[in-house]
Structure formats: C-alpha cells, structure tokens
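As structure tokens, the structure follows; a few thoughts come after it.
None of the figures in this text is laboratory data; all of them are computed from the coordinates on show. It should be emphasised that the depicted structure is a prediction, and the values quoted were computed from it without experimental measurement. Positions of Cβ are backbone-derived with ideal geometry, glycine not excepted, and every protein chain shown enters the neighbour counts.
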Amino acid sequence: MVVNESSVGDPGLLVDEQAGKEYPPDSSPVTQWHGDWKKESYPIHAYIDLGRKRNIIAIYLYDTNSKGDFVVSVGEPGKWTELFTDTCSLYNTWKAHDVDISTRYVRFTKTSTEANIAEVVIVERDEDKEKSAQKTKELPLKEK
Ligand SMILES: [Ca+2]
C-alpha cells in the first residue's frame, strides 16, 4: 500500500509496473511519480506499507530524465531515518541499491520536479534462496 503524504502527485505510479519476476529487473517503466510544476510544492513524500516488518536486501530505482535528489528512508510515519539518496544522474536505467534493513515502511522523497523515478522494486530476503524477486506490490499479499 502506498500512502501519499503530499497534496499533489500520485506515488502509486512508483509501483504500477511490477510485471515480471526477474531479479534484477529488466523492464522499461514509463509512468513516473510527479507532483506539479511549482517549486514550492517540493519536497514531496510518500511511503509504502509492506504490511509487516520485512528484511530488505535491495531497492531498485528506475531513473528517467533529469537530475535531482531522490531520498529513500526507513522507519515509521513521523520517525524516518534516511537510508540513501539517489541523485538521478542516469537516464532510463535501473539502479541497484544493496541494503540490509528490517522495516515495515519505506519512504520516498522527491526533492524537486527533476528527481524523476518511474518505478521502485523492493527485494525481500527469501530464506530459501539467496536473493529472490518479491516485489513491492506482492509483499503485502504474502501475509499468512
Ligand atoms: Ca511506474
């Protein structure tokens, strides 16, 4: 579930192109999270609720046009810790961020209209395999 903390934009577009189970992802997402064109609207924030605490081993971002800081944080609503900042310096490229973190919530911050990310893939550790593709959209559905 994606929660929009801002009054503009649709952060659901960060997780609307999760087709395929490849790891690492090799698709070419096109719909990106955008707020509006007003400078004063930024930064904008949104977070994903993974349903329960997950052991996250990688976060992939699909970088599109322009450059700007895209911040990924973990923790819980009202209490975030920055995990990393991606400068969005590449073009139409999947960027891998290896992490080792246990969290239920992952927050994204788009600091400007230029910090353009089209899709996010969050990989949870699978105890049966070394690395497996369990994506954001599917994670909450795995609840037993
Ligand atoms: Ca998308």
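Residue-normalised convex hull volume from the C-alpha trace of the stretch 20-80: 143 Å³ per residue. Among H45, H97, sorting on how many other beta-carbon atoms sit within 10 Å of each Cβ, with the fewest leading, yields H97, H45.
Each principal axis of the Cα cloud of the stretch 2-142 was evaluated for its coordinate range; sorted largest first, these ranges are 47, 32, 23 Å.
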